[in-house]
Structures are given as structure tokens and as C-alpha cells.
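What follows is one structure encoded as C-alpha cells, with my remarks underneath.
The values are calculated or read from the model by the stated rules, or taken from the named source; none is laboratory data. All values derive from a computational prediction rather than experimental measurement. Here Cβ is always computed from backbone atoms with ideal geometry, including for glycine, and neighbour counts include all displayed protein chains.
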């Protein structure tokens, strides 16, 4: 059974950790709405892939899910990412809406450069 948490886990493991950026086409809507404090932006598949492709080579983030929990429509992810190829660390909280097995919306907090304690 595909749940929001399994979709988000695939997003981390297969796209970011495994480098399968084309999986974006399978597990995200072609028009993901990214909600940030103060505004939203919609990214089609090409824009999502370009964003990830630009990020991966610079530091190859490895995400640790401090919390990954959800229900039948949402997954909440509290994460810490450490660079595999660069000395970089980010942490954040994201809420994903998943419908019909695809991520449709993501709410982001501003990222921090310290790990969760």
C-alpha cells in the first residue's frame, strides 16, 4: 500500500540518496506547489528535476528523518541533511500532501544550519 510516508521515503532514498532524479516524474505531480512563508511557487516536472540536479552535485545531501509520520493524505518530515561531498549541514521541517501516490504540495520552514537536538 502506498502511503504518504512511503512516497516521501522514496523521494529521499531513491531521488536524493540514489540519484534517480527522473523518479520525480512518477512520484510528484506535474505542478507541485511549494509553500514558503510569504508565498508559493509551482514547479513542473522539469523545474523540479532541474532544482534537484543543481543541488545534488554540490554537496550530495544525505537526509536523516528525525521524524517521518503521516496519515492518509499528509506526511510530516523533520530532517537533518549532511553533505557527503561537502562540509554542509541543513535541517528543516516539511509537510507533504500526497494524493493518488504523488506529492502535490510541500510546506517548508526556513532551513537552519544546525542539527536538531
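Just a few scattered comments:
- When 93, 52 are checked against the criterion of being farther than 21 Å from residue 3 by Cα and under 11 Å from the mean Cα position of the chain (by Cα), 52 stands alone in meeting it.
- Of all residues in segment 1-18 being modelled with pLDDT of 95 or more and not in a helix (DSSP H, G or I), the one that is nearest to the chain's Cα centre (by Cα): 18
- Cβ-Cβ under 9 Å pairs, at least 6 apart or on other chains, segment 12-36 side free of Cβ contacts under 8 Å to residues at least 12 places away in the same chain and on the phi > 0 side of the Ramachandran plot, far side assigned to a strand (DSSP E or B) and surrounded by 14 or more Cβ atoms within 10 Å (Cβ to Cβ): none
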